[in-house]
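To start, the structure under review is shown below, and the notes come after it.
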Amino acid sequence: MTRRDFLHRSAVIATSTIASPTIIPSFAMGKKAPSNFINVAMIGCGRQTVNPNIPQLLDSKSGRIVAVCDVDSWRLQNAVKQVNDGYSKQRNGSYNGCKAYTDYRELLQLKDVDAVMISTPDHWHIPMAIDAAKAGKHVSLEKPISTCISHGHRLVETLKKYPVITRNDSEFRTLPEFARAVELVRNGRIGKIQRIYVAVPPELNGEALPPQQTMPVPDELDYDFWLGPAWEAPYTEKRVHAIKDYGRPGWMRVDSYCNGMISNWGAHLMGIVQWGNNTEYTGPLTIEGSGDFDKGLWNTMNRFELRYEHANGVEVYFKIERPYVRFEGTGGWVEIEYPNKLSASSDDILHSETGASEIKFQNLLSDKEDFLQSIKENKPTQEPLETAHRTISMCQLGLIAVQLGTKLQWDAKKEDFINDNAASALLDRPIREKYFKF
């Protein structure tokens with residue numbers, strides 16, 4: 001989205017029925033603005049929320065957590081206590097102003113909530129983000145933003161009608177070495193890009209889990225609401241998350257709720273690929289590859305090797321290995337390995353100065369502060385959800401290529417496969433409409 005488009009869409013919102021933010025930007029009111037805080041509600045109180053999301057927002061000078069929401073009452077009460085204790089410590093006094101909700105739809109009706117941070121299991125991301133946008137709430141959405149391309153496309157189309165500020169909640173673009181790598185590539189230090197290599201770590205691999213016995217649903221969990229748009233399935237702890245604990249949840253390895261590591265880490269590292277390749281708002285021409293899937297309750301992909309071709313001639317190679325991105329061009333290469341190992345084919349590339357008229361990606365705000373500051377200044381974030389959709393589409397296209405075992409032709413403008421009904425059928429996932437309807 002260009003700035004011109006963004007301002008035009010912002011003008012549309014002024015005449016709509018969407019509630020205006022309770023926080024008036026300082027540029028509109030001067031230094032004596034009614035408040036310097038953006039009121040944020042946390043939807044989902046699992047491991048990602050309690051660490052790092054809540055601690056980062058508690059330390060923020062721009063945002064204030066006013067409500068939390070979860071269908072697990074144990075997690076919900078822990079989050080309320082974490083927020084209230086955090087603000088009590090800051091104030092050297094008692095604070096108990098954080099509100100608790102089990103139904104996110106009730107939370108979205110609160111007039112004093114300006115923005116939401118959605119950190120639920122992946123299958124809930126798109127429904128909640130769409131509902132939040134329709135309610136006029138700015139949206140920070142945990143990665144990966146969707147479980148299928150069609151749902152992500154529907155979110156992007158919704159955001160054209162309800163132009164709230166959006167952010168993919170990934171910190172990778174603000175990591176200095178990753179930003180520097182992209183800066184070098186985008187400024188032509190390696191010449192014309194020819195190939196990009198990207199890999200994600202095998203974090204979720206190596207442990208098979210056969211079908212599990214049905215278990216009683218814990219008293220603290222509204223399991224049917226947890227399933228939400230996903231189909232009904234018998235409860236077992238390894239399908240959901242650990243009972244009264246914050247370990248890595250089992251749902252991350254069940255394809256009904258998550259695409260697995262290809263999207264989980266791919267949302268981070270493929271995002272760097274898209275950023276460096278300047279293809280953030282488009283996709284590849286072809287996709288092909290191979291892979292294997294776990295069998296049992298945990299059934300996501302445990303190995304893959306993929307190849308993409310772009311219209312600009314760049315080839316992208318994607319697999320499970322170590323977490324890195326390597327850009328190769330006609331004049332050298334640049335590689336960044338998580339978390340901060342930056343290298344290049346020559347010291348001249350690595351230590352070159354960035355000219356005054358060149359692209360600069362250094363000293364970027366953190367993902368949370370970028371989101372909050374963009375709300376205050378009414379401008380797009382560093383990683384709007386439309387770019388996140390295109391990033392995760394790359395991962396999901398690879399998944400479909402492995403599922404079908406054939407080379408696929410992709411129309412990035414139409415977001416559909418060319419003359420391939422079998423592949424097109426995998427773009428969408430039917431949902432249970434008890435809690436959400438498109």
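Numbers at a glance
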quantity: Check on GLU309, more than 15 Å from PRO201 (Cα to Cα), touching a strand residue (DSSP E or B) at 6+ places or on another chain (Cβ under 7 Å) and acidic (Asp, Glu); calculated: yes
quantity: Boolean, ILE359 is open to solvent by less than 20 Å² (accessible area, probe 1.4 Å), of a type in the set (Val, Ile, Thr) and in contact (Cβ under 8 Å) with a residue 60 or more places away in the chain; calculated: no
quantity: All positions within the range 36-51 that are in contact with a helix residue (DSSP H, G or I) (Cβ under 9 Å, 6 or more places away or on another chain) and at pLDDT 95 or above; calculated: ILE38, VAL40, ALA41, MET42, ILE43, GLY44, CYS45, GLY46, THR49, VAL50
quantity: Strands (runs of 3 or more DSSP E) fully within the range 42-142 counting 2 or more residues that are in contact (Cβ under 8 Å) with a residue 60 or more places away in the chain and either more than 22 Å from TRP226 (Cβ to Cβ) or open to solvent by 10 Å² or more (accessible area, probe 1.4 Å) (or both); calculated: 138-142
quantity: Test for ALA33: is it at pLDDT below 95 and either under 16 Å from LYS244 (Cβ atoms) or open to solvent by 10 Å² or more (accessible area, probe 1.4 Å) (or both); calculated: yes
quantity: Residues located in the range 323-342, provided they are part of a loop (DSSP other than H, G, I, E, B) and of a type in the set (Gly, Ala, Ser); calculated: GLY331
quantity: Residue among PHE371, PHE327 that is touching a His at 6+ places or on another chain (Cβ under 9 Å), open to solvent by less than 20 Å² (accessible area, probe 1.4 Å) and touching a residue at least 24 places away in the same chain (Cβ under 8 Å); calculated: PHE371
quantity: One residue from LEU342, LEU364 being closer than 30 Å to LYS143 by Cα, modelled with pLDDT under 95 and in contact with a helix residue (DSSP H, G or I) (Cβ under 6 Å, 6 or more places away or on another chain); calculated: LEU364
quantity: Odd one out for ARG248, checked against (1) open to solvent by 20 Å² or more (accessible area, probe 1.4 Å); (2) over 30 Å from VAL334 (Cα atoms); (3) over 20 Å from the mean Cα position of the chain (by Cα); calculated: (3)
quantity: Output for the range 272-303, where each listed residue is buried (at least 23 other Cβ atoms within 10 Å of the Cβ) and among the aromatic types (Phe, Trp, Tyr); calculated: TRP275, TRP298
quantity: TYR197 assigned to a strand (DSSP E or B) and among the hydroxyl-bearing types (Ser, Thr, Tyr); calculated: yes
quantity: Helices (runs of 4 or more DSSP H) wholly inside the range 351-430 containing at least 2 residues that are under 21 Å from the mean Cα position of the chain (by Cα); calculated: 367-377, 385-404
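Quick grid of which residues meet (1) within 19 Å of the chain's Cα centre (by Cα); (2) at pLDDT below 95; (3) at negative phi; (4) open to solvent by 20 Å² or more (accessible area, probe 1.4 Å):
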position: LYS161; (1), (2), (3), (4): no, no, yes, yes
position: GLU177; (1), (2), (3), (4): no, no, yes, yes
position: VAL185; (1), (2), (3), (4): no, no, yes, no
position: PRO202; (1), (2), (3), (4): no, yes, yes, yes
position: GLU220; (1), (2), (3), (4): no, no, yes, yes
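The values are calculated or read from the model by the stated rules, or taken from the named source; none is laboratory data. This one's a predicted model, so the numbers in the text were calculated from it and none came from an experiment. All Cβ positions, even for glycine, are placed from backbone atoms using ideal geometry, and neighbour counts span all protein chains on display. Note: areas computed on protein heavy atoms with side chains; ligands, DNA, RNA excluded. Shrake-Rupley method; radii C 1.70, N 1.55, O 1.52, S 1.80 Å.
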